[in-house]
Amino acid sequence: MVKNLQDCTTLHNGVKMPWFGLGVYKVEEGQEVIDSVKAAIKNGYRSIDTAAIYRNEEGVGQAIKESGVPREELFITTKVWNAAQRADAALEAFERSMTKLGLDYLDLYLIHWPVEGKYKETWKVLEKLYKDGRVRAIGVSNFQIHHLEDLMKDAEIKPMVNQVEYHPRLAQKELHEFCQKNNIQLEAWSPLMQGELLNNETLKEIAEKYNKSVAQVILRWDLQNEVVTIPKSIKEHRIIENADIFDFELTREDMNKIDALNEDRRVGPDPDNFDF
């Protein structure tokens, strides 16, 4: 049972990763991202998730520096973008990200999308970075079961994390089971379906029962399903509110009601039909 913001899941290599963090997708570089990350860290968040393509790694790095929290207490994730998915380019992309973030090491490095014919080559680079101690854990994002199976055929090191679109309308049951079976931690991006679920009647009823917001109910559902979650917000009061989910537990019946909302419906791109 996850008790607080600093509680962690243990990845298959023994590294501890917070169950709850802040995502910064579409948060503007500069003051906006600096303020957002600093507000999160000030209020107890320890995990921050960015990506090269978000173009805000410098601001994230600046906020980490200004936060006053020791580096080793934080868990920082970034991702290699599709255009850099070649051996030489992936290594350069990593160095660029590290320079922008101003960090000596990274906690988690992910392949952002499964670019066909390229992700295996990129994975080799991630394995080397991991073996060299530059990254504490490596993983993937938006990988379906067949991508994971294909990757693991040749991989020396199994991915530790798979970050995918995950919310009550896209519960990814089979993928989740596959990851659990293979000891790969599932992580949710867009857990609130970009706000689309906030007016859902079923969720509103459940939220009322617990005297919580719909967002809090969804994020609690993530955790009780053993899925790491990284909701995004730029408003401090919302950052605090999103994380106020450790003082209640959804019943099995309410979990089932939320499960029943699944429609296999995405708000983001389909990894099998993505214009890479």
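In terms of its alpha-carbon gyration tensor, the range 208-276 comes out oblate; a/c meets the 1.5 threshold, while b/c is at least as large as a/b. Straightening the chain between E174 and H146 buys 8.9 nm, computed as 0.36 nm per residue apart minus the Cα-Cα spacing. Beta bridges per DSSP, both residues in the chain: antiparallel share near 15 percent. Electrostatic tally near N182: other residues with Cβ closer than 12 Å to its Cβ, Lys and Arg +1, Asp and Glu -1, net 0.
Share of carbon and sulfur in the accessible area of the range 145-276 stands at 43%, probe radius 1.4 Å.
For the chain, the spread of Cα positions along the three principal axes, ordered from largest to smallest, is 53, 42, 34 Å. Once the chain from I157 to E201 is taken as fully extended at 0.36 nm per residue, the excess over their C-alpha distance is 11.5 nm. Other residues within the sphere of radius under 15 Å centred on the Cβ of F274, judged by their own Cβ, net out at -2 (K and R +1, D and E -1). Only aspartates and glutamates eight or more places from K38 in sequence, or on another chain, were considered; those with a Cα closer than 15 Å are E28, E29, D49, E57, E58, E66, E73, E236. For the range 165-262, the fraction of alpha-carbon pairs lying more than 20 Å apart is 32 percent, rounded to a whole number. For the chain, the relative contact order comes to 19 percent (Cα pairs under 8 Å, sequence separation of at least 6). Taking all Cα pairs closer than 8 Å and separated by 6 or more residues, the relative contact order of the range 10-124 comes to 24 percent.
In the range 1-47, the alpha-carbon atoms span a convex hull of 84 Å³ per residue.
When the residues K118, K209 are ordered by accessible surface, computed with a 1.4 Å probe over the protein chains alone, the sequence from largest down reads K209, K118.
Rounded to the nearest 0.05, the FRET efficiency derived from the C-beta distance between R252 and K120 at R0 = 41 Å is 0.50. Provide the per residue accessible area, probe 1.4 Å, for the chain, rounded to a whole number of square angstrom. Per residue, the chain has 44 Å² of solvent-accessible surface.
Counting heavy atoms of the protein chains alone, S141 has an accessible area of about 0 Å² for a 1.4 Å probe.
The values are calculated or read from the model by the stated rules, or taken from the named source; none is laboratory data. Not measured: the values here are computed from a predicted model. Cβ: placed from backbone, ideal geometry, glycine included. Neighbour counts: every protein chain shown. With ligands, DNA and RNA removed, areas are computed over all heavy atoms of the protein, side chains included. Shrake-Rupley method; radii C 1.70, N 1.55, O 1.52, S 1.80 Å.
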